[in-house]
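Reading through the structure tokens given below for one structure.
The values are calculated or read from the model by the stated rules, or taken from the named source; none is laboratory data. These figures come from a predicted structure and were not determined experimentally. Cβ sites come from the backbone with ideal geometry, for glycine too, and all protein chains shown count toward neighbours. Side chains are part of the model used for accessible areas, which takes the heavy atoms of the whole protein and leaves out ligands, DNA and RNA. Shrake-Rupley method; radii C 1.70, N 1.55, O 1.52, S 1.80 Å.
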There are 2 protein chains.
Amino acid sequence: MAQNEQTALEPRKTPVQARAAVTVGAISEATIQVLLSHGADRLTTTRVAKRAGVSVGTLYQYYPNKQSLLFALLEDHLDKVSAAVEAACERARGKPMAEMVKDVVEAFVDAKMARTDISTSLYRIAGDVGGPALVRQTGLRSQKALGAMLETAPDAVLRQEKFAIQMVFAAMAGASRSVLEAGASPAMVRNLRDHLVLLCQSYMAVATQPRRLR
Amino acid sequence: MAQNEQTALEPRKTPVQARAAVTVGAISEATIQVLLSHGADRLTTTRVAKRAGVSVGTLYQYYPNKQSLLFALLEDHLDKVSAAVEAACERARGKPMAEMVKDVVEAFVDAKMARTDISTSLYRIAGDVGGPALVRQTGLRSQKALGAMLETAPDAVLRQEKFAIQMVFAAMAGASRSVLEAGASPAMVRNLRDHLVLLCQSYMAVATQPRRLR
DNA sequence: GTGATATATGAAGCATCCTTCAGGTTTGGC
DNA sequence: GCCAAACCTGAAGGATGCTTCATATATCAC
């Protein structure tokens, strides 16, 4: 998935009629399926269109090019995860820190596991040009929300250390990905939740300590 | 980067003369550079050959196809990281657990940061077909080594819980990648080392506790 | 110096695929 | 029913790039 010089993220047409919305939905689902069955290298717009049961010309009605199709899916997914984290942060304001951490971790994992097919398939394109930047961009939203929430913790104060927050998200991302790419069986997902909560709680307990000793 | 039905990982020819070894080295370096400058989608064998200062036919003397070129680089890199972890585990046998964890984390980070260009560029191909499986495979070596080392800790006993070990590596991978894709400035790398040690130590301190309470 | 082997070259064959657009079909308001 | 707008079709234009192979050059042992 490469950066295109055109307005890569602008749809050519936005669906108006209901049948068009259905078509765009089918294209999205088909894209995920082809990513999973053929990988990014073998994903062609023709193959996606066929899988979706539409013509390739229709696909280009809604997406100016192949890259914008893929980018749209990635962005949508990242937005959903970020929104889930932000909501959890909002709900957990004022709680003890350990509880805060637990809520956020579980929200993150739940969002990642809502559709394991989507999460898993998008890793195939997320590493190439443009992907990491988008991940970082939406990640900033989540980190900001977490930071704001932590400020309201009645039992701990985090130093103005943004790195610790980044670490938490990076660890969550790494762990989730590891599980997703290994098939994400229910048992694994349960383990992931439990251990990730433990990992982040124990880390945050230490990361918030230095200031408490003053 | 997709799986090819041919013997994708077999070189067509192994360099014998010194000048051939130099050529293969130049091809590897050029591949990294093209991955960084153009991304995976825009990486072509022709472009790599030109960047390396050799003909495209020469490239195909040593690699049967494009995919095997990329796979070879990825595998080499993962092997180096794994070897570094294994060596650290060997050296840290019998030490207190916190020290063990510190040594391993630092070995991992050092291996990842030895050549940030290589580490960073390979993320561009590591997510597509075949990459995650390879990551998992070499990851098993590292996990095995870590498990064996932890068995020799004089002050802690880890339950026969392989998941905790996987978590440590997943967290390290996630955090390292986050820093690498953000440019890996010296300050960031220092922070990464410190915080990653803290993260893994605090987690392992808790993960080894349950058995201690018996 | 000779000859066998190793190594290098790059034009081109050919497969692939992105994208378009002329033409057809469906929807919804009047 | 008519008509404009929305939507759909898929063949094909043309660009791209993987890979090969006939030919040329360099190395090394005798």
Only one of (1) farther than 29 Å from B:F169 by Cα; (2) within 14 Å of DNA strand C (Cβ to nearest atom); (3) without any contact (Cβ under 8 Å) to a residue 40 or more places away in the chain does not apply to B:D41, and that is (1)
Taking A:R19 as the residue in question, decide whether it is under 26 Å from A:V135 (Cβ atoms) and open to solvent by 30 Å² or more (accessible area, probe 1.4 Å).
no
Output the number of residues of segment B:29-46 satisfying the condition of being within 9 Å of chain A (Cβ to nearest Cβ), of a type outside the set (K, R) and open to solvent by 20 Å² or more (accessible area, probe 1.4 Å).
3
Give segment A:133-152 a look and list any residue that's of a type outside the set (G, A, S) and open to solvent by 20 Å² or more (accessible area, probe 1.4 Å), or say none.
A:V135, A:R136, A:Q137, A:L140, A:R141, A:Q143, A:K144, A:E151, A:T152
Can you find even one residue in segment B:170-188 that is out of contact with any Leu (no Cβ under 8 Å at 6 or more places or on another chain), without any contact (Cβ under 8 Å) to a residue 24 or more places away in the chain and under 21 Å from B:K95 (Cβ atoms)?
no
So B:C89 fits all but one of (1) in a helix (DSSP H, G or I); (2) within 21 Å of B:E181 (Cα to Cα); what number is the exception?
(2)
Tally, over segment A:158-168, of residues that are under 17 Å from B:R177 (Cβ atoms) and open to solvent by less than 20 Å² (accessible area, probe 1.4 Å)
4
Give the residues of segment B:46-76 that are within 12 Å of DNA strand D (Cβ to nearest atom) and more than 29 Å from B:Q137 (Cβ to Cβ), sorted by residue number.
B:T46, B:R47, B:A49, B:K50, B:V54, B:S55, B:V56, B:G57, B:T58
Name the residue, out of A:D103, A:D117, A:D128, A:D155, that is open to solvent by 20 Å² or more (accessible area, probe 1.4 Å), closer than 27 Å to A:E29 by Cβ and of a type in the set (D, E).
A:D117
Name every residue in segment A:77-88 that is among the small types (G, A, S) and open to solvent by less than 20 Å² (accessible area, probe 1.4 Å), in order of residue number.
A:S82, A:A88
Single match in A:V101, A:V109 (criterion: in contact with a helix residue (DSSP H, G or I) (Cβ under 6 Å, 6 or more places away or on another chain), of a type in the set (A, V, I, L, M), closer than 18 Å to A:V179 by Cβ and more than 12 Å from every other protein chain (Cβ to nearest Cβ))
A:V109
Kindly indicate whether B:S202 is without any contact (Cβ under 8 Å) to a residue 60 or more places away in the chain, open to solvent by less than 40 Å² (accessible area, probe 1.4 Å) and within 20 Å of A:A207 (Cβ to Cβ).
yes
Evaluate the following for B:S82: is it of a type in the set (S, T, Y) and either closer than 25 Å to B:A205 by Cα or not in a helix (DSSP H, G or I) (or both)?
yes
Can you tell me which residue within segment A:47-76, out of those that are open to solvent by 30 Å² or more (accessible area, probe 1.4 Å) and hydroxyl-bearing (S, T, Y), is nearest to the chain's Cα centre (by Cα)?
A:Y60
Taking segment B:135-170 only, how many residues are among the basic types (K, R) and more than 11 Å from chain A (Cβ to nearest Cβ)?
3
Condition first: over 23 Å from A:L134 (Cα atoms), more than 8 Å from chain A (Cβ to nearest Cβ), part of a helix (DSSP H, G or I) and in contact with a helix residue (DSSP H, G or I) (Cβ under 7 Å, 6 or more places away or on another chain). Can you find one or more residues in segment B:171-182 that meet it?
no
